[in-house]
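Student: Sharing a structure, written as structure tokens. Questions coming.
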Amino acid sequence: MASIHREILIDAPPERVWDAVRDVGALHTRLVPGFVKDTRLEEGARIVTFGNGMVVRELLVDIDDAARRIAWSAVGTPMTHHNASFQVFDHGRHTRGVWIADLLPNELAPQITAMIEQGLAAMKKAMEADSREG
């Protein structure tokens, strides 16, 4: 099983970043605009339309406010298994974000890694712009 682990340092308060992360229906407007074009909520899931046109149904596994961690699973994709989490950590005046994804088949890891890295770049841009404005 491929396991992808990426971290990012964001120049924004962790409270602000977590507020955007936990707003599960606003990926496209608050957290990763451009990387995600649309997010629609369903019971226990969200339908995510990425900037590249890919549409994915993500089951929302857990939203843990105390740990500032969200977990989800993409279903109905070429992946036979997928689970991921994103967690927000206090890092002084900054936020350390940790995104972990486990998936099968292993051959899809490069594509998913590239998407995670694009998502983190979009998140950093949006959160740091929001921090400067706020």
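Each value in this text was obtained by applying a stated rule to the coordinates, not by laboratory testing. What you see is a predicted model, and the numbers here were worked out from it, not measured in a lab. We place every Cβ from the backbone using ideal geometry, glycine too, and count neighbours over all the protein chains shown.
Student: So, with +1 on the Cβ of K and R and -1 on the Cβ of D and E, and no other charges, what is the size of the charge dipole of region 2-133 about its Cα centre, to the nearest 20 debye?
Tutor: With Lys and Arg at +1 and Asp and Glu at -1, about 240 debye.
Student: Val55: net charge of surrounding residues, Cβ under 15 Å, Lys/Arg +1, Asp/Glu -1, itself excluded?
Tutor: Every neighbour counted, the sum reads +1.
Student: Quick one: putting +1 on the C-beta of Lys and Arg, -1 on the C-beta of Asp and Glu, what dipole do you get for region 1-57 around its Cα centre, in Debye to the nearest 20?
Tutor: Dipole of region 1-57, to the nearest 20 debye: 180 debye.
Student: Can you work out the Karplus-derived ³J(HN,Hα) for every residue in region 18-24? Use 6.51 cos²θ - 1.76 cosθ + 1.60 with θ = phi - 60°, whole Hz, and x for glycine or proline.
Tutor: Values per residue, Gly and Pro as x: 4, 4, 6, 4, 6, 7, 4 Hz.
Student: Can you tell me, using C-alpha contacts under 8 Å and at least 6 residues apart, the relative contact order of the chain as a whole percent?
Tutor: 33
Student: Could you list the GluC sites (Glu not before Pro) in region 40-87 that lie in coil according to DSSP, counting only those with at most 13 other Cβ atoms within 10 Å of their Cβ?
Tutor: In loop regions of region 40-87 (DSSP not H, G, I, E or B), the sparsely surrounded GluC sites (Glu not before Pro) are Glu43.
Student: Sticking with this one: Compute the long axis of helix 109-133 from its Cα atoms, compare it with the longest principal axis of the Cα atoms of the chain, and write down the angle in degrees, 0 to 90, nearest 10.
Tutor: Helix 109-133 sits at roughly 20 degrees to that axis.
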